[in-house]
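Engineer: This is the structure I want to talk about, given as structure tokens.
The values are calculated or read from the model by the stated rules, or taken from the named source; none is laboratory data. Remember, predicted model here, so these are calculated numbers, not experimental data. As a convention, Cβ positions derive from the backbone with ideal geometry for all residues, glycine included, and neighbour counts pool all protein chains shown. Note: accessible area is taken over every heavy atom of the protein model, side chains too, but ligands, DNA and RNA are not part of it. Shrake-Rupley method; radii C 1.70, N 1.55, O 1.52, S 1.80 Å.
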There are 2 protein chains.
Amino acid sequence: MEVFLDNLAKNIVRNIKCQRLIPIEASGRHVHLSIQHVIELFGKDYELKIKKELSQKGQYQYEEKVMLIGPKGVYKDVSILGPPRSKTQVEISKTDAIFLGVDAPLRDSGNLSKSPSIIIATDKAAIRIAEGVIIARRHIHMNEKDAIEFSVKDKQLVSVKILSQRPVIFEEVLVRVNRDYSLTMHIDYDEANACGYIDGVYGRLIV
Amino acid sequence: MEVFLDNLAKNIVRNIKCQRLIPIEASGRHVHLSIQHVIELFGKDYELKIKKELSQKGQYQYEEKVMLIGPKGVYKDVSILGPPRSKTQVEISKTDAIFLGVDAPLRDSGNLSKSPSIIIATDKAAIRIAEGVIIARRHIHMNEKDAIEFSVKDKQLVSVKILSQRPVIFEEVLVRVNRDYSLTMHIDYDEANACGYIDGVYGRLIV
């Protein structure tokens, strides 16, 4: 009876939502710079060069890199993602936070209030941002049509089972709905390494 | 109806097993050395000094450290755990594996066949082990009484929900039953960082 209920429950939980799978992408540490900070770090007339488009429409990675300097460690060659934002935001993993020596909180993108300071540097200049270092909470991008298909709403928290060799169910995954979004779940490299992420891995929305 | 089934399923899955919580411990990178390798690295008459007892009876950490040298990176001050084993085993996380440049497989402790080689060094000597570097699969230690209480058996794979601020359900967690074991779940630091591990966090066996 117990095994029966176990299996019943698993089947209910794991099949009740849409069977469509969600592509998983692991995000390495990166920065989003404000226009003012691009000018301070690269010079007034410098144009950052687009290296490649990302999975989300209108988002790209630049060829240029910056250095992140924390009280305990330094990362060279950190990616800059575009387009520029109203506020500079540095996204790192918990592993990175320990290495750099910054007490970065787990936050949704854009929520930077009272997050730690860090030094960002190029060959030409260095700035200290007053706040802006976060560990980005895992999230799923999808458009309105996807949201209907998955029976979820913008800002809803869901669970996603990663279909890997080291299976994990991530709970409290934030759904972000926008007409321009492509269906993708973003995790950081701690999460990627913990769940046996490899290129081409998928997740299933289960709750 | 859907929400009702969702909640029913969640309650069935999450409450069907024992409500007793499992203490979680995060293991950093460490080595277990064979007696032969202790002699080669520290000298014939050297006695390693016990620094502290671990949660599992008869297991301890030594004061001495070793250096791990991979093709792409080096870690100084890596812990040695005792007592010595029949074969030297190096346990690292996926993050460590990438840093060191070794393609370590996810394995249960003791299963070292065809795992990568690495150099282990002290101030006195260096050795290259032919194999023995693994990413240890997450597991739960418990004694026979615990196993009865949780309705599980030795070598069974279970799921454990981590009761943290960044909740994750780890699936395929290996149960290891032995009369000398204390109830503890061991995860590595990728898993720890991915699930928001802090000292004193607990897990619940849910499947």
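Engineer: Looking at segment A:80-98, which of the residues that are assigned to a strand (DSSP E or B) and open to solvent by less than 20 Å² (accessible area, probe 1.4 Å) is nearest to A:GLY110 (Cα to Cα)?
Structural biologist: Among them, the one singled out is A:GLN89.
Engineer: Within segment A:165-192, can you find the residues that are touching a Phe, Trp or Tyr at 6+ places or on another chain (Cβ under 9 Å) and within 12 Å of another protein chain (Cβ to nearest Cβ)?
Structural biologist: Listed by number, the residues that qualify are A:ARG166, A:PRO167, A:VAL168, A:ILE169, A:ILE187, A:TYR189, A:ASP190, A:GLU191.
Engineer: I'd like to know if segment B:37-46 contains one or more residues that are basic (Lys, Arg) and open to solvent by less than 80 Å² (accessible area, probe 1.4 Å).
Structural biologist: No, segment B:37-46 contains no residue that is basic (Lys, Arg) and open to solvent by less than 80 Å² (accessible area, probe 1.4 Å).
Engineer: Quick check, is A:ILE162 within 14 Å of chain B (Cβ to nearest Cβ) and open to solvent by less than 20 Å² (accessible area, probe 1.4 Å)?
Structural biologist: Spelling it out, A:ILE162 is indeed within 14 Å of chain B (Cβ to nearest Cβ) and open to solvent by less than 20 Å² (accessible area, probe 1.4 Å).
Engineer: I would also like to ask the following. So, in segment B:165-204, how many residues would count as being surrounded by fewer than 17 Cβ atoms within 10 Å (Cβ to Cβ) and touching a helix residue (DSSP H, G or I) at 6+ places or on another chain (Cβ under 8 Å)?
Structural biologist: 1
Engineer: Now for a separate question. For segment B:145-158, does any single residue satisfy the condition of being polar (S, T, N, Q) and surrounded by 20 or more Cβ atoms within 10 Å (Cβ to Cβ)?
Structural biologist: Scanning segment B:145-158, I find no residue that is polar (S, T, N, Q) and surrounded by 20 or more Cβ atoms within 10 Å (Cβ to Cβ), so the answer is no.
Engineer: A further question on this structure: Please find, within segment B:16-36, the residue that is least open to solvent (accessible area, probe 1.4 Å) out of those that are over 22 Å from B:ILE206 (Cβ atoms) and assigned to a loop (DSSP other than H, G, I, E, B).
Structural biologist: This residue is B:GLY28.
Engineer: What residue, of A:SER113, A:SER117, A:SER109, is loosely packed, with under 15 Cβ neighbours inside 10 Å, more than 14 Å from chain B (Cβ to nearest Cβ), in contact with a strand residue (DSSP E or B) (Cβ under 7 Å, 6 or more places away or on another chain) and among the polar types (S, T, N, Q)?
Structural biologist: Answer to the check: A:SER117.
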